[in-house]
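Asks: Here you go, one structure.
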């Protein structure tokens, strides 16, 4: 898709949907565990070779617990929730910024009563996520216990 | 600056300022025309080699009228205003998306009574902007006249 074939302005139609932007399944792979997450690709650039995506996690939902070599640069633009980055969990809210370094376990969880919507900047060419081995997830996500229910 | 030396979570301190993010001059070059614009670098990545910046134009202010080979991917996250992209001007508001293609004249203007704050994704390695020649700006910015005062 060439840059100049794209519409120059795509309006926000309300409720975090945009003109000409499809709401996609979060993962193509149906065996990967997650709950109530959608994905929208807002920008898909060649230079820089990067995508800016909008993910929305419905109240009580969560993204896949995973790690990979590629990094994520995240900004919350809706609601609130929590995130795991390595061995620490954090309460996150509107406009907070999150860096996910290489090979760092991470997961985003929406609050029970609010969605969590965030922008995620990522390289176009990137490695596939790794999932925890059987029984490993409980230990990795232990830091969430320190937060209670934000 | 290595990815993993950065703080993992940088909180929004309110009013579009963030922990550990400096509010910078919009342009280093004092001879370039603009009015009431600040710049904050939110993410500075190596892979993708990209920066995500937050620009804020105060009410009545405007960015430099310019063009360059590198592209901009923009999302409004505060207020409202207008933008010129090539030969068309557009009213823009919260969460609207704007693509600036290569070598396309562009300018962002805040509304008279509201700031215009936007994220701008850009390649780390990019060409310098070109400015209009003397007397050219008035013709290039003519499309703004069609919008009235949004």
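The values are calculated or read from the model by the stated rules, or taken from the named source; none is laboratory data. Keep in mind that what you see is a predicted model, and the values were worked out from it rather than measured. FYI the Cβ positions are ideal-geometry reconstructions off the backbone, even for glycines, and counts take in every protein chain you see.
Asks: Considering only the stretch B:36-48, state which residues are within 14 Å of chain A (Cβ to nearest Cβ) and either modelled with pLDDT under 95 or surrounded by fewer than 16 Cβ atoms within 10 Å (Cβ to Cβ) (or both).
Replies: Step one: list which residues in the stretch B:36-48 are within 14 Å of chain A (Cβ to nearest Cβ), which gives B:40-48.
Selection gives B:41, B:44, B:45, B:46, B:47, B:48.
Asks: For residue A:51, only one of the following conditions fails: (1) more than 8 Å from every other protein chain (Cβ to nearest Cβ); (2) over 29 Å from residue B:125 (Cβ atoms). What is its number?
Replies: Residue A:51 satisfies all of (1) more than 8 Å from every other protein chain (Cβ to nearest Cβ); (2) over 29 Å from residue B:125 (Cβ atoms) except (2).
Asks: While we're on this one: Go through the stretch A:87-103 and give me each residue that's more than 7 Å from chain B (Cβ to nearest Cβ) and without any contact (Cβ under 8 Å) to a residue 24 or more places away in the chain.
Replies: Of everything in the stretch A:87-103, just one residue is more than 7 Å from chain B (Cβ to nearest Cβ) and without any contact (Cβ under 8 Å) to a residue 24 or more places away in the chain, namely A:93.
Asks: Counting just the residues of the stretch A:119-136 that are assigned to a strand (DSSP E or B) and within 12 Å of chain B (Cβ to nearest Cβ), which one comes out farthest from residue A:79 (Cα to Cα)?
Replies: A:123
Asks: Scan the stretch A:103-118 for residues that are closer than 15 Å to residue A:67 by Cα and part of a loop (DSSP other than H, G, I, E, B) and jot them down.
Replies: A:103, A:104, A:105
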